[in-house]
Amino acid sequence: MDYHSQYAEKVKIFVEVCHKLSRHMYVTGYGGNCAWKMEDDVLMITPTQMNKGHIQPEDVVFISMAGEKLAGKRKPTGETPMYVNFFKERPDIQSVVHCHPPHTNAFAITKGKNWLMRPLFPETITEVGPVPVVPYGEPLTQQLADNFTPLLQKYNAFLMENHGLVIMSRLDIEWTMMNTELLEMTSVHVLGAAQLGADIKEISKDDIRRMDNVMHTRSLPFMGAPGVYNSLVDAYYGDGA
C-alpha cells in the first residue's frame, strides 16, 4: 500500500514538525525522533541517522506495531522498540516527540528539586502536567524502554535522565509539538526565576482544584492513561506525584 500518498497531508505536517524541531535547536545532529499513529497497526516514524532539518516526505518511514517496516526507502529509527512500546502500553496516545530542548534538558542533568513536577503555570498544568525523571538507560536498549514502565501510565511527558525529553499526547503531532514548546518556555521561566535568587511560587492546591473547571470547559483529558487521574490535584498531590 502507498502510505505516503494515502497520508500525504499528514506526512507534510510530520515533516514540518521535524523541521521546526531543528530550527528551534531542540534537536542537533541525528538526535530526536517523532512518531504518529495513523491506524491501529500503522505508525509514521522518523528515519535513522538523519538530521531532522533535512527530512523530506519521501524519507518518512511507516512501520507496524510489531516494528516491521511497511513503507519507506530508509530504515526507521534505532529507537523503534521504545516507540512501539509507548503505543502498545498507551493505546490512547496518538503522537510522540523525543527531543533535547536546552532549557528543559537542564533538569535532566541536575540534582535536587525537579520544578517541572510542580504546578507553576495554568497552561502547562492543564496541557502537559507533571514531568517526572526516567532513570538513565543506555540509548537504543530495552533497558531504557523498560525504565518508562512505572511512569508511563501516570504521565504524558518524561525527562530521560542525562538524555532528553519524551512528550506524548492523544492528539496529532502538531499538538504534541506545541506542548513541547510550552514546556520549554516553562523551563526558561523557571531558570530565569532561579537566577533572581528568589523563591519560586507554586499555584496553590485550592487553585489547582478549581482548575479542573478549565479541563471540563475545554474538554481536555487528564494526563496519563484514561482513568488514572480524575482531577489535577490527584496528578500533582497524589501518591504518584
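Just so you know, all these numbers are worked out from the coordinates, no wet-lab data involved. On a predicted model such as this, the values are computed, not experimentally measured, just so you know. Cβ sites come from the backbone with ideal geometry, for glycine too, and all protein chains shown count toward neighbours.
Whole-Hz Karplus values for region 127-137 come out as 9, 10, x, x, 10, x, 9, 8, x, 4, x Hz, taken residue by residue from phi with 6.51 cos²θ - 1.76 cosθ + 1.60 and θ = phi - 60°; glycine and proline positions read x. Structural size metrics of region 139-241, computed from C-alpha coordinates, are Rg and Dmax of 15.4, 42 Å.
Only lysines eight or more places from residue 113 in sequence, or on another chain, were considered; those with a Cα closer than 17 Å are 201. Test of understanding: extend the Cα→C-beta vector of residue 110 to 7 Å, then name every residue of region 135-159 with backbone N under 19 Å from that spot. Under cut-off, by backbone N: 135-136, 158-159.
Which of the pairs 10/205; 37/205; 12/75; 37/154 have their Cα atoms more than 29 Å apart in this structure? From the list (10/205; 37/205; 12/75; 37/154), the Cα-Cα distance tops 29 Å for 10/205; 37/205. Any idea how far the Cα center of region 123-174 sits from the one of region 16-55, in Å? First find each Cα centre; the distance between them is then 16 Å.
Pairs of alpha carbons in the chain separated by more than 31 Å make up 21% of all such pairs.
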